[in-house]
Amino acid sequence: MKKIRKAIIPAAGLGTRVLPASKAIPKEMLNIVDKPAIQYIVEEAFNSGIEEILIITNRGKGAIEDHFDHAFELESKLEGNPDKADLLDSVKACANLGNIYFLRQKETGGLGHAVLCAKAFVGDEPFAVLYGDDVIISDNPVTKQLIDAYEKYGKGTVGVKEVDTESIKKYCSLAVEHLEGNCYSCNDMIEKPKEEEIMSHYSILGRVVMPPEIFEILENTPKGAGNELQLTDAMRTLAKTKGVIAVDYDGTRYDMGNKLGILQANIEVGLKHPELSEQLKDYIKELSKNL
Ligand code: UTP
């Protein structure tokens, strides 16, 4: 079996749910405490053994490319100040995380369309997709958890969590059967189900590992919900023909495409941040007295 070396991060969506914050800044660049969301995702990929990442962008997302490049003026200013050595290291590290490539999705055709743009980059290898607005904090990187399951079962693998009925109608619903531990076999799924179409409360949240056959399936998949090419529709075909594995992963997922998700991420990650946790705890305790 070919090793999983490549990952795609689709980050070309319009981010309408977090306007006006995402008007001039890509939503993937909105911060969690002291790093933009997409940096957490890139670090997760490299910490999972991924060697090459393709970030799908579009017009107006140049800040993402700048973030993973050197900032010479800033670096030379920091270099002159020994008190700022840690900051210098953190700034330089962004440019040295690993091999990152960029490709523009020239129309906002949906997540499936964004993934299809990566066909030539991926070639004939299995690969990971990390959704650009889903940050997942975990001890064992979630992409690694999915890669392990892919290697064990030899099937496309999707990261899932149980969500409530209102959320599942906005995401997707999977038909699952328990296999072992946190792994399920899945042979059907539906994007944005109506209440009567819900097959389980397991939904794909943020990460998948796919075989290269998914590209041919995507090419033959008609536009779906929102008149966009839906990755879920292609994965449904894969689930129905070959089956996929659903992994109820260990990790906390924050939806950075949604205002509440951004606030939750900042509070929870802040509470664990070595520099801020004590101060933030005291602040929240004080604040909560008046809530
Ligand atoms: P979303 O549907 O959450 O992104 O797609 P969106 O379109 O930005 O959201 P709203 O509804 O307008 O707020 C999930 C991921 O897929 C990417 C997004 O950037 C996000 O990371 N995506 C979506 C693309 O790369 N291209 C697309 O055409 C659509």
Q. Consider V33 against the criteria (1) touching a Phe, Trp or Tyr at 6+ places or on another chain (Cβ under 6 Å); (2) away from the ligand (no atom under 16 Å from the Cβ); (3) under 30 Å from L280 (Cβ atoms): it satisfies all of them except one. Which criterion is unmet?
A. (1)
Q: May I ask you to list the residues in region 54-75 that are within 16 Å of the ligand (Cβ to nearest atom) and among the acidic types (D, E)?
A: E65
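The rows are residues; the columns are (1) touching a strand residue (DSSP E or B) at 6+ places or on another chain (Cβ under 6 Å); (2) surrounded by 22 or more Cβ atoms within 10 Å (Cβ to Cβ); (3) modelled with pLDDT of 95 or more.
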position: A11; (1), (2), (3): yes, yes, yes
position: R17; (1), (2), (3): no, no, no
position: K35; (1), (2), (3): no, no, yes
position: I41; (1), (2), (3): yes, yes, yes
position: I53; (1), (2), (3): yes, yes, yes
position: K61; (1), (2), (3): no, yes, no
position: P82; (1), (2), (3): no, no, no
Q | Meets criteria (out of contact with any strand residue (DSSP E or B) (no Cβ under 8 Å at 6 or more places or on another chain), of a type outside the set (G, A, S) and closer than 30 Å to A120 by Cβ) for E228 | A | yes
**Q.** Residue match in region 78-87 (condition: away from the ligand (no atom under 16 Å from the Cβ) and within 25 Å of A21 (Cα to Cα))
**A.** no
Q: Sort out which residues of region 9-30 are within 6 Å of the ligand (Cβ to nearest atom), assigned to a loop (DSSP other than H, G, I, E, B) and over 17 Å from I53 (Cβ atoms), and write them in order of number.
A: G13, L14, G15
Q | Residue list for region 222-260, restricted to those being within 16 Å of the ligand (Cβ to nearest atom), buried (at least 21 other Cβ atoms within 10 Å of the Cβ) and small (G, A, S) | A | A234, G257
Q: Mind telling me which of the residues K223, K192 ends up being basic (K, R) and either touching a strand residue (DSSP E or B) at 6+ places or on another chain (Cβ under 9 Å) or without any contact (Cβ under 8 Å) to a residue 12 or more places away in the chain (or both)?
A: K192
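With within 20 Å of the chain's Cα centre (by Cα) and within 16 Å of the ligand (Cβ to nearest atom) as the only criterion, which of L130, L146, L174 stands out?
Going through L130, L146, L174 in turn, the sole match is L130.
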Q) If you check I136, I168, which single one turns out to be buried (at least 21 other Cβ atoms within 10 Å of the Cβ), free of Cβ contacts under 8 Å to residues at least 40 places away in the same chain and touching a strand residue (DSSP E or B) at 6+ places or on another chain (Cβ under 6 Å)? A) I168
Q.
Whether any residue in region 195-206 is assigned to a loop (DSSP other than H, G, I, E, B) and within 14 Å of the chain's Cα centre (by Cα) is what I want to check.
A. no
Q: Go through region 19-33 residue by residue and tally those that are surrounded by 24 or more Cβ atoms within 10 Å (Cβ to Cβ) and out of contact with any strand residue (DSSP E or B) (no Cβ under 9 Å at 6 or more places or on another chain).
A: 1
Q. Which condition breaks for S48 when tested against (1) away from the ligand (no atom under 15 Å from the Cβ); (2) free of Cβ contacts under 8 Å to residues at least 60 places away in the same chain; (3) not basic (K, R)?
A. (2)
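Of the residues that make up region 227-234, is at least one under 24 Å from A21 (Cβ atoms) and either of a type in the set (G, A, S) or in a helix (DSSP H, G or I) (or both)?
Here is the first cut: in region 227-234, the residues under 24 Å from A21 (Cβ atoms) are 228.
From what is left, the residues that are either of a type in the set (G, A, S) or in a helix (DSSP H, G or I) (or both) are none.
No, there is no match, as no residue in region 227-234 is under 24 Å from A21 (Cβ atoms) and either of a type in the set (G, A, S) or in a helix (DSSP H, G or I) (or both).
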Q) Scanning region 90-119 for residues that are over 12 Å from G13 (Cα atoms) and part of a strand (DSSP E or B), which turns out farthest from the ligand (Cβ to nearest atom)? A) N99
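The values are calculated or read from the model by the stated rules, or taken from the named source; none is laboratory data. Since the structure is predicted, the reported quantities are computational estimates derived from the model, not experimental observations. Every residue, glycine as well, gets a Cβ built from its backbone with ideal geometry; the counts of neighbours run over all protein chains shown.
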